[in-house]
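For reference, the structure is listed below as structure tokens.
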Amino acid sequence: MTTFAIAHGGGDVGWSWHLVAEALQAKGHTVVAPDLPIEDEAKDLTDWAQALTEALPSTEDVVVVGHSFGGFVAPLAAARVNAKALVYVTAMIPSPGENPGDWWANTGYEDPGLEDAFFHDVPPALAAEAQKRERGMAESPMAKPWPLDKMPDLPTHFILCTEDRFFTPNFMRKVVADRLGVEPVELAAGHCASLSKPNELADLLANYAR
């Protein structure tokens, strides 16, 4: 069966994907979602991708998933292992040579100013646990150009969360069209879909294993 390698978002941990992992494992798949070294100023996005690929039990039959800021990491990992598919989940889509810190201005992002942008649809106990596990982000990787000269040449998909208050649907539809040119699959969930709609998200991901 397929191994899913998940790059979590900025300030986050692999734990945020434990419910999705359980749902995918129940379908017979393997899941790795390590804590990436996001706080280490000596490490950059290439190191983060290496941490993800080193967690794999095998490089055969791998689908790489990137959530939020993990969108900068997932393509690097997918290119390393020649993944069977790359899936963005309400994620930042990089351009070759782009500094992550410049992504916001380059895409025309504007803070929608909505209250509780992340956990509004997450069960309170899970939201509280997720907030306790939050981490800081190193600043040095934000100023380094994204290292690939083009996107990996492999099947690429985008799961757009229609109730996301951080990366709002209209904004993300434009970014996906401009940068990937694919039709996103929509999921009725907020930014932290792995905690609010884990089974539904796992079902979508499992489709890319076929």
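What follows is calculated from the coordinates using simple rules that are stated; it is not laboratory data. What you see is a predicted model, and the numbers here were worked out from it, not measured in a lab. Here the Cβ positions follow ideal geometry from the backbone for every residue, glycine too, while neighbour counts run over all protein chains shown.
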### Query
For the residue pair ASN207 and ASP153, what label-to-label distance in nm results when each label sits 7 Å from Cα along the Cα-to-beta-carbon direction?
2.7
### Query
Quick one: Cα centre-to-centre distance for the stretch 3-69 and the stretch 138-210, in angstrom?
14
#### Entry: the chain - mean residue ellipticity at 222 nm from DSSP helices (-39,500 (n - 2.57) per run, n ≥ 4, rounded to 500)
-8500 deg cm²/dmol
### Message
Using the basic label-point model (7 angstrom from Cα toward the beta carbon), what is the ASP102 to ALA188 distance in nanometres?
### Response
4.1
### Message
Please report the net charge: other residues with Cβ closer than 14 Å to the Cβ of PRO145, K and R +1, D and E -1.
### Response
-2
### Task
Just order 163-169, 97-103 by mean Cβ neighbour count inside 10 Å, highest at the front, would you?
163-169, 97-103
### Query
What is the packing order of peptides 58-66, 24-32, 123-131, 73-81, taking the mean over residues of other C-beta atoms within 10 Å and listing the highest first?
73-81, 58-66, 24-32, 123-131
### Query
Counting pairs of alpha carbon atoms under 8 Å apart in space and at least six apart in sequence, what relative contact order in percent does the chain give?
25
### Task
With a cut-off of 14 Å, note down the residues of the stretch 82-119 whose backbone N falls inside the zone around a label point 7 Å from the Cα of GLU139 toward its beta carbon.
101
### Query
Say the cut-off is 30 Å between C-alpha atoms; which of LYS84/LYS197; LYS43/LYS132; LYS174/LYS197; LYS43/LYS150; LYS132/LYS174; LYS43/LYS197 go over it?
LYS132/LYS174; LYS43/LYS197
### Message
For log10 I(q)/I(0) by the Debye sum over Cα atoms at q = 0.07, 0.08, 0.16 Å⁻¹, pick the label among (1) -0.26, -0.33, -1.06; (2) -0.18, -0.23, -1.05; (3) -0.21, -0.27, -1.07 that corresponds to the value derived from the coordinates.
### Response
(2)
### Sites HIS120 and ALA177, calculated FRET efficiency, Cβ-Cβ separation with R0 25 Å, nearest 0.05
0.45
